Amino acid sequence: MNAYDIIRRPIITEKGNEGIDNKKYTFEVAKDANKTQIKAAVEEIFKVKVAKVNTVNVRGKLKRQGRTQGYTASYKKAYVQLAPESKAIEFFESMA
């Protein structure tokens, strides 16, 4: 798997922005990626040193519009903690 196939997109939310000061970032990742693959992909793409990776499988929510209903897409989310000596990711610096 390519590093860009593993890391799908950054997740920019209020909760995600709270961790930027502590070098903690949130990404949507491929469902079949494990923690070691996520760590290697983040280190390759952003040229940083990763200390820890936590993952969460997010289930799709039921949405209704009138009498039709369906589920939003489910996905996997990764919380990435960088090492203290590592530099910050520039993409997120404009968000903080």
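A few notes on this one:
- Residue match in the stretch 67-79 (condition: more than 15 Å from the chain's Cα centre (by Cα), under 21 Å from residue 15 (Cα atoms) and open to solvent by 50 Å² or more (accessible area, probe 1.4 Å)): yes
- Subset of the stretch 21-34 (residues that are open to solvent by less than 70 Å² (accessible area, probe 1.4 Å) and under 24 Å from residue 85 (Cβ atoms)): 23, 25, 26, 27
- Taken as a whole, the structure places residue 52 among residues that are at pLDDT 95 or above, basic (Lys, Arg), within 26 Å of residue 94 (Cα to Cα) and surrounded by fewer than 16 Cβ atoms within 10 Å (Cβ to Cβ).
- Extreme residue, nearest to residue 16 (Cα to Cα), among residues of the stretch 27-52 that are more than 11 Å from the chain's Cα centre (by Cα) and β-branched (Val, Ile, Thr): 50
- Index of the failed condition, residue 5 passing every other in (1) closer than 16 Å to residue 57 by Cα; (2) surrounded by fewer than 17 Cβ atoms within 10 Å (Cβ to Cβ): (1)
- Criterion applied to 14, 44, 18 was being closer than 17 Å to residue 82 by Cβ, modelled with pLDDT under 95 and open to solvent by 40 Å² or more (accessible area, probe 1.4 Å), and the one residue passing it is 18.
The values are calculated or read from the model by the stated rules, or taken from the named source; none is laboratory data. All figures in this text were calculated on a predicted structure; none of them were measured in a lab. All Cβ positions, even for glycine, are placed from backbone atoms using ideal geometry, and neighbour counts span all protein chains on display. Side chains are part of the model used for accessible areas, which takes the heavy atoms of the whole protein and leaves out ligands, DNA and RNA. Shrake-Rupley method; radii C 1.70, N 1.55, O 1.52, S 1.80 Å.
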